[in-house]
1. Distance between the C-alpha centers of segment 129-170 and segment 173-239? Whole Å please.
2. Any chance you could check the Cα centroid distance between segment 53-97 and segment 377-392 for me, in angstrom?
3. Mind scanning K132/K187; K120/K208; K272/K376; K248/K376 and naming the pairs with a C-alpha gap bigger than 26 Å?
4. Counting pairs of Cα atoms in the chain, how many percent are more than 29 Å apart?
5. If I take all pairs of Cα atoms in segment 363-411, what percentage of them are more than 15 Å from each other?
6. Over segment 87-169, with a single point scatterer placed on each C-alpha, what log10 of the ratio I(q)/I(0) does the Debye formula yield at q = 0.10, 0.17, 0.19, 0.21 1/Å?
7. Give me the Debye-computed log₁₀ of I(q)/I(0) at q = 0.09, 0.10, 0.11, 0.14 Å⁻¹ for segment 1-109, equal point scatterers on Cα only, no solvent, two decimals.
8. How large is the accessible surface of I141 in square angstrom, using a 1.4 angstrom probe and rounding to the nearest 10?
Amino acid sequence: MPTDITVNGRTYRWMDRPLVVVCVDGCQYEYITAAVAAGAAPFLGRLLAGAGTSLIADCVMPSFTNPNNLSIVTGVPPSVHGICGNYFFDPESGEEVMMNDPRHLRVGTILAAFSNAGAKVAVITAKDKLRKLLGHRMTGICFSSEKADQATLAENGIENVQGRVGMPVPSVYSAELSEFVFVAGVKLMERERPDLLYLSTTDYIQHKAAPGTPVANDFYAMIDRNLARLDALGATIVLTADHGMNAKHGDDGQPNVIYLQDTLDAWLGASKARVILPITDPYVVHHGALGSFALVYLPEPAAQRAAAERIAALRGIEMVLTRAEAAAKFELPSDRIGDLVVVSRLDTVIGTSRDRHDLSGLDVPLRSHGGLSEQKVPLLVNRSVSKQPEARRWRNFDAFDLGLNLVTRPS
Ligand SMILES: [Zn+2]
């Protein structure tokens, strides 16, 4: 067996026991502490109390699902791997391009590198939109709970998933979609015992329910039970998140929205500037495509400064950066972001035009993400970790470094 694998400039030690990296979608730290306080998550409680290592890390900006899942499995920020949202705008063709396809991924993954070196690797994701990116050039098992009934040996490295998991294929808008990921992960660890297992859930519950609510605590109790099983099976577990989640509405329950396309149309003339919301994807019912991050393409790059200042003065805006500033500060690929990058405050989201957002699916007041206010995420390990510099800025994409290089191994 090889001893070290170098991927994207970092060297990872070969695992001495199975490593499970879990990305709990939308896991604001308070979900964990509230579930622990309510007695719903005893395993996580023991980790926080010192039986493991509990850190707080920064996710990558924008605080969205795909950029962060890809950062976790590549160990690098979007400036290197290229996936900076669900969409980017190609000014040459004038088209909005979806980034679900691995051809937009600019580097290889840690999962692929280990599988190609002979490790047994398995990936289970809740939504199918991530499957191809996560499984890019990887051999082994890779499937989504959303399409578990369609998994084949040829395409996914596994078949009869439903029969093995013992659950029907859940709705894409359900807590069960994530539960399926965990139950399948435990079954794999019992039978196939992969060397590396990557589990990625969906934030359906976090979009609906605040930390400490019965619905949220039940969800974390489910996670806790399954983590305890993986722990009992001898795996090293690193749990992190793609982003946090916050309430984005006023006291009246209505979302606080800045319709930035409408605003720019009023200032500059209709459709002169173009607002892109990289949160937009085929599953927008639970957030109405509203998040705290937007890209703006301007007709006159020379007018950047003036436009930036004017947008920054809008109520609810936290930060406006030029392309170069955003590429540097947020580690973003400069060819896939706008002339301006706009971030709104914790309680505010950015939309395009009022008539382009269908909010009829929002049956509870809006909770969402995308901004700096959702950047802090948990980074928990069920092992002790060698001493690190006090000032180290932990990132969620340090997950594999932690699980393979920094955990203390029995001598
Ligand atoms: Zn997410």
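1. 16
2. 23
3. Violating the 26 Å limit, Cα to Cα: K120/K208; K272/K376.
4. Numbers: 35284 of 84255 pairs.
The proportion of pairs with Cα distances above 29 Å equals 42 percent.
5. Numbers: 691 of 1176 pairs.
That tail contains 59 percent of the Cα-Cα pairs.
6. Here the Debye-derived log intensity ratios amount to -0.30, -0.73, -0.85, -0.96.
7. After summing over all Cα pairs, the log10 values are -0.36, -0.44, -0.52, -0.77.
8. Here the residue's solvent-accessible area equals roughly 20 Å².
The values are calculated or read from the model by the stated rules, or taken from the named source; none is laboratory data. What you see is a predicted model, and the numbers here were worked out from it, not measured in a lab. Every residue, glycine as well, gets a Cβ built from its backbone with ideal geometry; the counts of neighbours run over all protein chains shown. Just so you know, the surface numbers come from the protein's heavy atoms only, side chains and all, with ligands and any DNA or RNA stripped out. Shrake-Rupley method; radii C 1.70, N 1.55, O 1.52, S 1.80 Å.
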